[in-house]
Amino acid sequence: MKKQILIVGSGFAGMWAAVSAARLADLTGSDDLQITVLAPRPELRIRPRFYEEQVATFAAPLSDLFAELNVHFIAGTAERIDAKQKSVWYRDSQGNVTLVAYDRLIVATGSQTRRPAIPGLEEFAFDIDQLESAQHFENHLDSLATRPSTPERNTVVVCGGGFTGIELATELPARLRTRFGDDTQTKVIVVERGSVIGGRYSEELRGTIEEASLALGVEWRLNSEISAIDPHGVTLKNGERIAAATVVWTAGVEAHPLSQQIAGERDPQGRLKVNESLQVPAHPDVYATGDMAHAHTDDRGNTALMTCQHAIQLGKFAGHNAAASLLDVAPYPYRQVNYVTCLDLGGWGAVYSEGWDQKVKSVRDDAKKIKIAITNELIYPPAADRAVAFAAADPLAKFV
């Protein structure tokens with residue numbers, strides 16, 4: 001009977017885990033593994049592009065790739081994990097609950113936007129966290145064009161000035177012009193609790209973000225927090241009122257709640273702390289990867305961020321190591337020393353930096369070309385060709 005590797009999630013980490021596990025089985029000539037992916041749909045959603053237009057097109061099909069690599073796919077949503085019994089219960093599209101057993105489990109269910117208990121947040125704020133919610137936001141922007149032009153209609157408040165908030169805010173002036181015309185005065189305001197623009201970035205990178213924001217007319221409310229959201233805008237904790245027909249929440253992410261069903265130590269974002277093979281120490285048969293894993297990238301204290309850049313490599317290592325544990329092959333300790341930051345800054349261009357110290361290497365049009373190459377090509381699934389896919393899935397091959 002074949003040993004079962006069950007991968008929950010078909011995002012960047014889950015998809016690459018499946019390809020990497022299949023690669024090692026092929027390299028060893030083994031026919032003893034059954035690699036299965038459990039996810040709602042056989043597709044990779046290109047989440048880093050959800051701030052862009054035409055978001056419905058940002059889903060890459062995986063059926064042909066999985067078929068080429070003999071990866072089995074189950075359409076369903078995982079609801080319960082029993083790590084002691086090595087079982088996962090999932091619900092299919094008809095609402096039926098089914099049990100699937102595993103020998104090795106790779107948890108790759110990703111992350112979601114953290115939504116605190118702020119009055120009106122659930123009812124009146126949009127987000128671009130998932131494809132459906134990003135599509136809902138895009139439809140809302142389209143509907144604004146049918147309303148009379150007022151300062152409220154023409155204002156968008158972005159709550160949170162992190163990576164997603166910056167990319168969305170700098171893209172919005174062009175998106176609003178497309179709908180309202182060049183003569184309409186619009187306003188994009190970022191509400192950020194930090195004291196500086198782009199607080200998690202280097203001084204050089206922060207300066208570039210500030211320069212782009214100024215050129216695009218994007219305003220920042222620093223040292224500010226949202227106290228309430230309503231259909232007509234937001235109220236800040238300092239009492240300031242901003243009238244806006246559109247409020248988008250981008251402040252903070254956390255690991256998928258499925259991680260809470262697995263015993264183990266977690267970080268403040270809910271990610272499971274793993275060893276260098278990406279195993280959950282309390283359950284060596286369980287591997288956490290992508291946004292579900294708190295993993296050290298090097299020997300200098302850096303840990304993987306909740307980005308596709310890290311999820312892709314984490315997936316490759318998790319798939320390899322889960323398969324290796326069943327094939328009597330030595331695991332690869334997860335390492336990802338190289339780190340880059342590439343922020344899209346809308347009509348101004350982009351900024352590209354290298355290293356954990358975020359040394360800026362390119363800006364404006366040159367950086368924009370790099371950004372487009374990454375998001376339009378590099379992060380997409382490989383072709384449904386065994387040789388091409390397996391070459392790309394090698395955990396030790398350079399990704400960036």
In region 334-360, residues that are closer than 23 Å to HIS296 by Cα, outside any strand (DSSP E or B) and either open to solvent by 30 Å² or more (accessible area, probe 1.4 Å) or charged (D, E, K, R) (or both) total 5
Only unsatisfied item for ALA39, checking (1) under 17 Å from the mean Cα position of the chain (by Cα); (2) over 26 Å from PHE126 (Cα atoms); (3) without any contact (Cβ under 8 Å) to a residue 60 or more places away in the chain, is (2)
Failed criterion for VAL97 (all others in (1) without any contact (Cβ under 8 Å) to a residue 24 or more places away in the chain; (2) surrounded by 17 or more Cβ atoms within 10 Å (Cβ to Cβ) hold): (2)
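A quick yes/no check of all residues on (1) open to solvent by 30 Å² or more (accessible area, probe 1.4 Å); (2) in contact (Cβ under 8 Å) with a residue 60 or more places away in the chain; (3) in a strand (DSSP E or B):
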site	(1), (2), (3)
ALA17	no, yes, no
GLN34	yes, no, yes
ASN70	yes, no, no
ARG80	yes, yes, yes
Matching residues in region 361-396 (open to solvent by less than 60 Å² (accessible area, probe 1.4 Å), of a type outside the set (A, V, I, L, M, F, W, C), part of a helix (DSSP H, G or I) and without any contact (Cβ under 8 Å) to a residue 60 or more places away in the chain) number 2
Sort out which residues of region 140-156 are assigned to a helix (DSSP H, G or I) and either farther than 18 Å from ALA174 by Cβ or hydroxyl-bearing (Ser, Thr, Tyr) (or both), and write them in order of number. SER143
Somewhere in region 311-333, is a residue under 30 Å from VAL190 (Cβ atoms) and surrounded by fewer than 17 Cβ atoms within 10 Å (Cβ to Cβ)? no
From SER202, SER213, residue being among the small types (Gly, Ala, Ser), open to solvent by less than 40 Å² (accessible area, probe 1.4 Å) and under 23 Å from the mean Cα position of the chain (by Cα): SER202
Answer with yes or no whether GLY270 is surrounded by fewer than 22 Cβ atoms within 10 Å (Cβ to Cβ), on the phi > 0 side of the Ramachandran plot and modelled with pLDDT of 95 or more. yes
Right, THR109: under 18 Å from the mean Cα position of the chain (by Cα), more than 30 Å from ILE189 (Cα to Cα) and modelled with pLDDT of 95 or more or not? yes
Would you mention how many residues in region 223-232 are touching a residue at least 40 places away in the same chain (Cβ under 8 Å) and either touching a Phe, Trp or Tyr at 6+ places or on another chain (Cβ under 7 Å) or surrounded by 14 or more Cβ atoms within 10 Å (Cβ to Cβ) (or both)? 6
So ASP64 fits all but one of (1) in a helix (DSSP H, G or I); (2) free of Cβ contacts under 8 Å to residues at least 12 places away in the same chain; (3) open to solvent by 50 Å² or more (accessible area, probe 1.4 Å); what number is the exception? (2)
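The values are calculated or read from the model by the stated rules, or taken from the named source; none is laboratory data. All values reported here derive from a predicted model rather than from experimental measurement. So basically every Cβ, Gly included, is an ideal-geometry build from the backbone, and we count neighbours across all protein chains shown. Note: areas computed on protein heavy atoms with side chains; ligands, DNA, RNA excluded. Shrake-Rupley method; radii C 1.70, N 1.55, O 1.52, S 1.80 Å.
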